Protein chains: 2
Amino acid sequence: MDILHRVGVKSASLDEVYDALTTLEGLRGWWTTDTTGDPEVDGVIAFRFGPPGGFDMKVRELHPAKHVLWEVVDGPEEWIGTTVSFDLKQEDDFTIILFKHEGWRDPVEFMYHCSTKWASFLLSLKQLVETGTGSPTPNDVQISNWH
Amino acid sequence: MDILHRVGVKSASLDEVYDALTTLEGLRGWWTTDTTGDPEVDGVIAFRFGPPGGFDMKVRELHPAKHVLWEVVDGPEEWIGTTVSFDLKQEDDFTIILFKHEGWRDPVEFMYHCSTKWASFLLSLKQLVETGTGSPTPNDVQISNWH
């Protein structure tokens with residue numbers, strides 16, 4: 001049970017996207033402005049989204065300009081133990097991101113929501129690198145009554 | 001191997017969303033303007049996207065204001081035999097759409113792309129019902145080098 005997405009960012013180099021995935025400043029620019037912690041391997045990054053809470057991600061693997069792997073160590077029960085990965089490659093003048101949120105135990109309604117929300121945040125990442133401004137929480141695209 | 005999404009449309013009634021999924025005029029407003037065919041049960045709807053081609057969907061089930069099920073009978077090889085369903089319910093002042101594209105044989109890169117693209121089209125459907133104007137092809141959001 002995985003959530004999969006593919007987005008292409010118009011970018012001269014893979015490094016720009018890699019930086020947006022591996023620095024606090026980058027992550028704050030497309031996912032949530034309330035991002036703190038240690039983005040190095042074995043560090044834990046805390047992503048917060050206001051009262052509903054957030055996610056703590058342990059950084060498992062970092063291969064510069066190529067691969068990022070996080071493990072969810074705290075957050076909603078359905079997320080704990082799942083992994084989130086980003087694989088990067090160059091095609092034409094695009095940096096392609098292959099995204100995978102892996103290890104969901106059941107296709108609960110929350111998984112449907114997270115799938116759509118991830119798509120929206122990945123488009124925010126694209127927008128950040130292409131234009132300099134993304135749409136991170138609290139300015140994220142509202143997709144439903146679950147925000 | 002399924003693609004799942006959840007979107008909530010601010011709408012006074014389930015019928016508005018159901019109509020957008022079951023009439024040619026509705027479908028042309030959020031997925032592709034080049035939509036023709038027979039949207040009744042056992043009819044085939046042809047969705048076209050310019051030179052890359054398109055999809056022929058056989059309408060398998062229609063439960064007014066509740067459930068729509070299509071089977072892909074022609075299109076890209078990976079899509080043939082898969083099914084696409086929309087389940088509707090009311091929550092607060094939202095019509096919730098639970099979307100499922102079911103039966104992918106392999107998690108090929110095209111599936112990653114289609115997952116993100118479906119999210120984008122479902123947000124176009126939300127926009128259509130909420131504002132009267134969606135972003136169907138050829139005015140759809142470009143997510144990558146694969147459009």
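Can you report the number of residues in region A:114-147 which are within 12 Å of chain B (Cβ to nearest Cβ), more than 16 Å from the chain's Cα centre (by Cα) and not polar (S, T, N, Q)?
Total meeting the criteria: 4.
Can you go through B:W79, B:W30, B:W70 and tell me which one is of a type in the set (A, V, I, L, M, F, W, C), under 12 Å from the mean Cα position of the chain (by Cα) and part of a loop (DSSP other than H, G, I, E, B)? Walk me through it before giving the result.
On the way: B:W79 fails: under 12 Å from the mean Cα position of the chain (by Cα); B:W70 fails: part of a loop (DSSP other than H, G, I, E, B).
On inspection, the qualifying residue turns out to be B:W30.
Would you be able to tell me the number of residues in region A:120-138 that are within 17 Å of A:F49 (Cβ to Cβ) and either among the charged types (D, E, K, R) or touching a helix residue (DSSP H, G or I) at 6+ places or on another chain (Cβ under 9 Å) (or both)? Break it down stepwise before answering.
Here is the first cut: in region A:120-138, the residues within 17 Å of A:F49 (Cβ to Cβ) are A:120-122, A:124-125, A:134-138.
Going one step further and asking which of them are either among the charged types (D, E, K, R) or touching a helix residue (DSSP H, G or I) at 6+ places or on another chain (Cβ under 9 Å) (or both), we end up with A:120, A:122, A:125, A:134-137.
Number satisfying all stated conditions: 7.
Just to be sure, is A:P51 out of contact with any Lys or Arg (no Cβ under 7 Å at 6 or more places or on another chain) and at pLDDT below 95? Steps first, please.
Working: out of contact with any Lys or Arg (no Cβ under 7 Å at 6 or more places or on another chain): yes; at pLDDT below 95: yes.
Taking the combined requirement at face value, the residue satisfies it.
For region B:83-101, indicate whether the set of residues that are over 20 Å from B:D19 (Cβ atoms), at pLDDT 95 or above and assigned to a loop (DSSP other than H, G, I, E, B) is non-empty.
Residues of region B:83-101 over 20 Å from B:D19 (Cβ atoms): B:83, B:92, B:100-101.
The next check asks that each one be at pLDDT 95 or above; those that pass are B:83, B:100-101.
If we keep only those that are assigned to a loop (DSSP other than H, G, I, E, B) as well, we get none.
No, because not a single residue in region B:83-101 is over 20 Å from B:D19 (Cβ atoms), at pLDDT 95 or above and assigned to a loop (DSSP other than H, G, I, E, B).
Take region B:42-59 and flag every residue that is out of contact with any Asp or Glu (no Cβ under 7 Å at 6 or more places or on another chain) and surrounded by fewer than 17 Cβ atoms within 10 Å (Cβ to Cβ).
Within region B:42-59, B:D42, B:G43, B:G50, B:P51, B:P52, B:G53 qualify.
Are any of the residues in region A:1-15 within 14 Å of another protein chain (Cβ to nearest Cβ), in a loop (DSSP other than H, G, I, E, B), in contact with a His (Cβ under 7 Å, 6 or more places away or on another chain) and under 19 Å from A:C114 (Cα atoms)?
Pass one, region A:1-15, residues within 14 Å of another protein chain (Cβ to nearest Cβ): A:1-11.
Now drop any that are not in a loop (DSSP other than H, G, I, E, B), which leaves A:1-2, A:11.
Add one more test, that the residue is in contact with a His (Cβ under 7 Å, 6 or more places away or on another chain), and what stays is A:2.
Narrowing the set further to residues that are under 19 Å from A:C114 (Cα atoms) leaves A:2.
Scanning region A:1-15 turns up at least one residue that is within 14 Å of another protein chain (Cβ to nearest Cβ), in a loop (DSSP other than H, G, I, E, B), in contact with a His (Cβ under 7 Å, 6 or more places away or on another chain) and under 19 Å from A:C114 (Cα atoms).
Limited to region A:46-67, what total is found for residues that are in a strand (DSSP E or B) and touching a helix residue (DSSP H, G or I) at 6+ places or on another chain (Cβ under 7 Å)? Working first, answer last.
At the first step, the residues of region A:46-67 found to be in a strand (DSSP E or B) are A:46-48, A:54-63, A:67.
Among the residues that remain, those that are also touching a helix residue (DSSP H, G or I) at 6+ places or on another chain (Cβ under 7 Å) are: A:55, A:62.
Counting residues in region A:46-67 that are in a strand (DSSP E or B) and touching a helix residue (DSSP H, G or I) at 6+ places or on another chain (Cβ under 7 Å) gives 2.
Given B:V68, B:V72, which one is within 18 Å of A:Y112 (Cβ to Cβ), more than 14 Å from every other protein chain (Cβ to nearest Cβ) and in contact with a Phe, Trp or Tyr (Cβ under 6 Å, 6 or more places away or on another chain)? Before the answer, list the steps.
Working: B:V72 fails: within 18 Å of A:Y112 (Cβ to Cβ).
So the residue among B:V68, B:V72 that is within 18 Å of A:Y112 (Cβ to Cβ), more than 14 Å from every other protein chain (Cβ to nearest Cβ) and in contact with a Phe, Trp or Tyr (Cβ under 6 Å, 6 or more places away or on another chain) is B:V68.
The values are calculated or read from the model by the stated rules, or taken from the named source; none is laboratory data. Given the structure is predicted, the values throughout are model-derived calculations rather than measurements. With ideal geometry, Cβ positions are generated from the backbone for all residues, glycine too; neighbour counts draw on all protein chains shown.
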